[in-house]
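Q: Take a look at this one; I'll ask things after.
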Amino acid sequence: MSKRIPSSRSVSRSIALASVTLCLVSTLLPANMTSAAPLPKRVVDADDYFLGRAKLENLQEGVALLRQEVAQNPQSYEGWWRIAKFCNYVGRRTAGDERMKAFDAGIEAGKKAVLLQPNRVEGHFWLGAN
């Protein structure tokens, strides 16, 4: 039994298919997965708190960490859009004045995120959600 050697045409098709697949996958990945810069530790820690978002205290701890991040780095798109997200969750779990304060803070954070990265979706989404 002899091995079949692929024709140059089938090899070309395979290469073309692999190239198209790679292009599609890279366009579908979130921007923070394709960037070389790792997320700051406070942002990563805030994301960990978000996993426990069923407890209001975890959301508040996450917001505090993110506020520290943007105080140190006001150009932190990752910090601002996450503040908008956390504030939205806080607003949905509180009532009265606290609820409105949370949503207002989320709107302000979302606006800052959109100004920093107008072509990224997270800032727009959480601005609108608040």
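Q: Given the Cα-Cα distance of Gln68 and Ala54 and 0.36 nm per residue of separation, how much length would full extension add, in nm?
A: 2.8 nm
Q: Okay, next question. Suppose each label sits 7 Å from its Cα in the direction of the beta carbon; what would the Asn119-Glu98 distance come out to in nanometres?
A: The modelled label-to-label distance comes out at 4.1 nm.
Q: Highest first, please rank the peptides 48-56, 104-112 by the mean number of other Cβ atoms sitting within 10 Å of their residues.
A: For the peptides 48-56, 104-112, the packing ranking is 104-112, 48-56.
Q: Rg (Å, one decimal) plus Dmax (Å, integer) for the alpha carbons of region 39-129?
A: Rg, Dmax (Cα atoms, Å): 11.9, 34.
Q: Loop-only chymotrypsin sites (Phe, Trp or Tyr not before Pro) in region 58-118, please: DSSP not H, G, I, E or B, and at most 16 other Cβ atoms within 10 Å.
A: The qualifying sites: there are none.
Q: Shifting gears a bit: Under 24 Å Cα-Cα from Lys55, which lysines qualify once same-chain neighbours fewer than 8 residues away are excluded?
A: By straight Cα distance, Lys55 reaches Lys41, Lys85, Lys101.
Quick note: the coordinates plus some simple rules give every number you see, no bench work behind them. All values reported here derive from a predicted model rather than from experimental measurement. Don't worry about glycine lacking a Cβ; one is built from the backbone with ideal geometry, like all the others, and counts go over all protein chains shown.
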